[in-house]
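Here the structure is laid out as structure tokens; the discussion comes afterwards.
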Amino acid sequence: MLFKLIVGAATAATFMSGVALAQSSTVNGAAGGAVTGAIVGGPVGAAVGGVAGAVVGTAIDPPPEKVVTYVREAPAPSARVVVKEKIVVGQPLPETVVVTPIPDDPTYAYAVVNDERVIVEPSSRKVIQVIK
């Protein structure tokens with residue numbers, strides 16, 4: 001019973017610490033979670049923290065401001081694209097949506113879907129940011 005209590009406390013502390021550290025971008029991913037977990041809960045916390053850190057570390061960093069500005073000001077395509085699926089950050093765009101690479105930064109692309117401009121990762125088509 002005591003072991004379960006310790007593991008539960010380490011898990012909770014790791015999730016809270018992992019989120020705080022991931023937000024500051026000083027430690028992230030599985031390694032960062034393992035370090036945080038080890039500090040909070042010893043070896044068991046390190047194992048749990050590694051898993052938690054891997055989940056927290058997959059959060060998507062926002063694109064540079066010049067990319068956001070380009071997407072905001074780029075001319076909209078002549079054909080209007082509408083999809084049934086909700087556009088969600090972290091999820092890929094449907095294959096029917098054409099993505100356009102950003103000339104000055106090919107690590108990003110964009111699309112206009114359901115009258116929303118979105119920045120995506122070209123290789124995975126994963127939505128990084130929806131421009132409001």
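The values are calculated or read from the model by the stated rules, or taken from the named source; none is laboratory data. Since the model is a prediction, treat every value here as computed from it, not as a measurement. Cβ sites come from the backbone with ideal geometry, for glycine too, and all protein chains shown count toward neighbours.
Which of the residues belonging to segment 95-131 are part of a loop (DSSP other than H, G, I, E, B) and under 18 Å from the mean Cα position of the chain (by Cα)? Don't jump to the end; show me each part of the working.
Start the filter on segment 95-131 by keeping residues that are part of a loop (DSSP other than H, G, I, E, B), which leaves 95-99, 102-108, 114-115, 122-125.
Correct list: T107, Y108, P122, S123, S124, R125.
Could you list, in sequence order, all residues of segment 90-124 that are closer than 15 Å to A79 by Cβ and either outside the structural domain of A76 (by TED's automatic domain parsing) or polar (S, T, N, Q) (or both)?
T96, T100, N114
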